[in-house]
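Have a look at the structure below, then the notes.
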Amino acid sequence: MNLNKNSKRRKELVAIAARLFCDQGYESTTVRMLADAMGIKSGSLFHHFNDKQEILFAVIESGMQHAMQIATQALEGLEQPRDRLYALARAHLSTLLEDRDAHVVAIYEWRSLTQASRQELVKLRDAYESIWTQVIAECQGKGLMAGNQGLQRRLALGALNWTVQWYRPGAGLEPDDLAQELVAMVLREEACEK
């Protein structure tokens with residue numbers, strides 16, 4: 001079967017699957033639940049995907065590609081390492097908040113991927129993390145940071161990723177505030193009071 005992986009309908013189905021996997025968990029979400037939420041018959045689902053595992057892969061892949069695109073755009077034209085670090089943190093928050101379901105699924109359902117799927121997605125993850133490593137290296141090169149770059153990258157991304165658990169839009173802090181706070185923390189600057 002020749003599946004159209006770039007169709008508008010498939011993208012809609014991936015977004016619906018992301019919401020269900022986020023709400024119910026991958027293991028608890030059945031093909032029937034997916035089809036019902038998508039407004040199609042269970043068998044019709046397989047006109048768009050080979051199996052449920054491919055749907056999980058598509059959800060995580062789309063979120064990762066979106067994160068890469070936003071990060072790359074955010075860094076365009078910026079030269080100062082501190083500005084680049086802020087833009088990268090803000091872009092990461094943007095993808096988490098705009099595409100929350102896909103990122104929650106990526107964080108919590110990574111273990112549900114097959115080994116082959118994980119290997120494919122690790123390439124995307126590594127490419128994204130290399131952007132962070134580069135910006136952290138630039139900050140270190142300017143004397144803004146010191147220490148283990150890999151550990152700093154993991155700590156920064158871990159802190160940002162955890163915001164999906166506690167951040168609520170409109171509750172006083174904006175994503176810009178969160179990004180500024182992360183940069184102040186990482187660079188050991190004085191944080192601004194809000």
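The values are calculated or read from the model by the stated rules, or taken from the named source; none is laboratory data. It should be emphasised that the depicted structure is a prediction, and the values quoted were computed from it without experimental measurement. Here the Cβ is made from the backbone with ideal geometry for all residues, glycine too, and neighbour counts use every protein chain on show. Heads up: the accessible areas ignore ligands, DNA and RNA and are worked out on the full protein's heavy atoms, side chains in. Shrake-Rupley method; radii C 1.70, N 1.55, O 1.52, S 1.80 Å.
Anything in the stretch 1-27 that is at pLDDT below 90 and open to solvent by less than 40 Å² (accessible area, probe 1.4 Å)? List them, or say none.
3, 7, 10
Condition (residue is more than 14 Å from the chain's Cα centre (by Cα), of a type in the set (Ser, Thr, Tyr), at pLDDT below 95 and assigned to a helix (DSSP H, G or I)) applied to the stretch 37-44: is it met by at least one residue?
Within the stretch 37-44, one or more residues are more than 14 Å from the chain's Cα centre (by Cα), of a type in the set (Ser, Thr, Tyr), at pLDDT below 95 and assigned to a helix (DSSP H, G or I).
Can you name the residue in the stretch 102-121 that is crowded, with 17+ Cβ neighbours inside 10 Å and polar (S, T, N, Q) and is also nearest to residue 178 (Cα to Cα) among such residues?
112
May I ask you to list pairs of residues, at least six apart or on different chains, whose Cβ atoms are under 8 Å apart, with the first in the stretch 151-174 being farther than 17 Å from residue 129 by Cβ and the second being open to solvent by 90 Å² or more (accessible area, probe 1.4 Å)?
172/194; 173/194
Residue 52 passes all but one of (1) in contact with an Asp or Glu (Cβ under 9 Å, 6 or more places away or on another chain); (2) closer than 19 Å to residue 26 by Cα; (3) not β-branched (Val, Ile, Thr); which number fails?
For residue 52, the failing item is (1).
Yes/no per residue for (1) buried (at least 18 other Cβ atoms within 10 Å of the Cβ); (2) more than 15 Å from residue 10 (Cα to Cα):
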residue: 29; (1), (2): yes, yes
residue: 61; (1), (2): yes, no
residue: 78; (1), (2): no, yes
residue: 100; (1), (2): no, yes
